[in-house]
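The values are calculated or read from the model by the stated rules, or taken from the named source; none is laboratory data. Being a predicted model, the structure only gives us computed values, none of them experimental. Every residue, glycine among them, receives a Cβ derived from its backbone with ideal geometry; neighbour counts consider all protein chains shown. Just the protein is used for accessible areas: all its heavy atoms, side chains included, with ligands, DNA and RNA removed. Shrake-Rupley method; radii C 1.70, N 1.55, O 1.52, S 1.80 Å.
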Amino acid sequence: MTSDLDQPDADRREPAQPSAEPDVTATNGAAAVASVIDPVAEATVIDAGEQFAAASVAGAATIEAVASKLVDAGAHFAAAAGASARARKDGEAAPAANETSAPDPVEPADSRIGGERAHDGGTAPVETIVHVLRHGEVHNPNGILYGRLPGFSLSVAGRAQAAAVARTLADHDIALVIASPLQRAQETAEPIAAQHDVIVRTDENLIEAGNTFEGLRVSVGDGALRKPRHWWKLRDPFTPSWGEPYLQIAHRMLAAVNKARVEAAGREAVLVSHQLPVWTLRRFLQGQRLWHDPRHRQCSLASLTSLVYHGDTLVDIVYSEPAGGSDPSVHGA
């Protein structure tokens with residue numbers, strides 16, 4: 001597998017999408033601009049970035065407050081950078097300092113799950129559904145960011161969530177059950193596979209996102225983020241600098257989906273993955289920018305993001321929560 005910090009090939013770059021940060025580096029270079037940016041703005045961004053990273057990578061209960069703080073701090077930082085660029089290049093119009101995006105669209109829950117599949121005697125494209133499932137709750141008494149570490153199994157509640165998904169999909173024509181290699185994903189897949197008399201297969205492309213804070217406590221106010229040596233990792237929330245690039249996550253997840261779609265043509269497949277990979281895939285397919293406000297992630301524990309294809313064309317994305325919504329304070333990325 002490629003390194004977490006590897007960038008995608010040039011011919012697989014992310015399509016142009018709206019961005020909130022000004023392109024000040026195109027004018028004078030990042031170093032020149034950084035030297036004259038308001039130090040108060042810079043300090044505010046570092047502080048907000050610490051809290052944002054903790055909330056986004058660990059699912060902390062404070063996620064509502066800190067994400068909005070990062071947006072505000074980012075706007076302050078961007079405005080300072082834009083002013084510096086204008087001062088160095090007289091007469092040039094500065095990019096917009098910030099951009100407020102509308103809340104992510106909410107797909108109607110259960111609008112197709114359990115519904116009738118559309119076939120037309122072979123004259124219409126074959127309908128195939130790929131259900132991308134987030135694993136259930138994880139037993140994590142020490143509250144660390146476990147990431148790709150081995151040995152983290154489902155909690156009692158997580159096993160009940162997996163069983164609920166299996167019951168929901170019992171009457172579906174499931175041809176494949178494929179999971180991330182991590183234990184929590186494999187355990188979530190097992191009751192679904194047993195229900196349909198298939199084996200759980202493994203695809204490395206479904207694995208959790210890489211993260212440089214793996215194995216550490218990252219809650220706001222304690223743990224790794226209190227130590228200045230870690231702050232440099234928070235410098236770029238758009239790639240992000242503390243983990244696997246969002247675009248790389250989207251590409252590998254889409255590769256797993258396409259492979260399953262072809263193999264399960266005319267039927268359904270279940271792919272078990274993790275919150276950030278599932279949400280990044282959905283945003284990529286919806287044509288949205290990949291960096292995002294974590295408050296608007298729609299990906300509860302044991303939730304289904306179902307991709308409906310007619311032939312090789314994606315025609316619908318359906319979100320549902322067979323095990324119910326999850327508490328945002330629950331650790332279980």
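I'd like the FRET efficiency for D316 and D236, computed as 1/(1 + (r/R0)^6) with the beta carbon distance as r and R0 of 35 Å, rounded to 0.05. Write down the numbers at each step before the final one.
Working: r = 34 Å, r/R0 = 0.96.
E(calc), rounded to 0.05, equals 0.55.
Across the protein chains, with a 1.4 Å probe defining accessible surface, the residues S326, S180 rank S326, S180 from largest area downward. Considering only L234, A265, N205, and ranking their Cα positions along the charge dipole of region 194-333 that arises from unit charges at the beta-carbon of Lys, Arg, Asp and Glu, the one farthest toward the positive end is L234.
Under 1.5 on a/c is rounded, so check that first for region 241-333, then, if it is not, pick prolate when a/b is larger than b/c and oblate when it is not; a ≥ b ≥ c are the square roots of the alpha carbon gyration tensor eigenvalues. Taking the square roots of the gyration eigenvalues as a ≥ b ≥ c, region 241-333 is oblate.
Counting other Cβ atoms within 10 Å, which chymotrypsin sites (Phe, Trp or Tyr not before Pro) in region 168-251 have at most 16 and lie in a DSSP loop?
F238
About the Cα centre of region 232-333, what is the dipole size in debye to 20, counting +1 per Lys and Arg Cβ and -1 per Asp and Glu Cβ, all else neutral? List each step's numbers first, then the result.
Numbers: 11 positive and 9 negative charges, 59 e Å.
The dipole magnitude comes to about 280 debye.
State whether region 181-290 is rounded, prolate or oblate according to the following rule on the C-alpha gyration tensor (a ≥ b ≥ c being the square roots of its eigenvalues): a/c under 1.5 gives rounded; otherwise a/b larger than b/c gives prolate, and the remaining case gives oblate. Cα axes put region 181-290 in the oblate bin. Here each label is just a point 7 Å from Cα along the line to Cβ, and for V156 and D197 those points are 3.4 nm apart.
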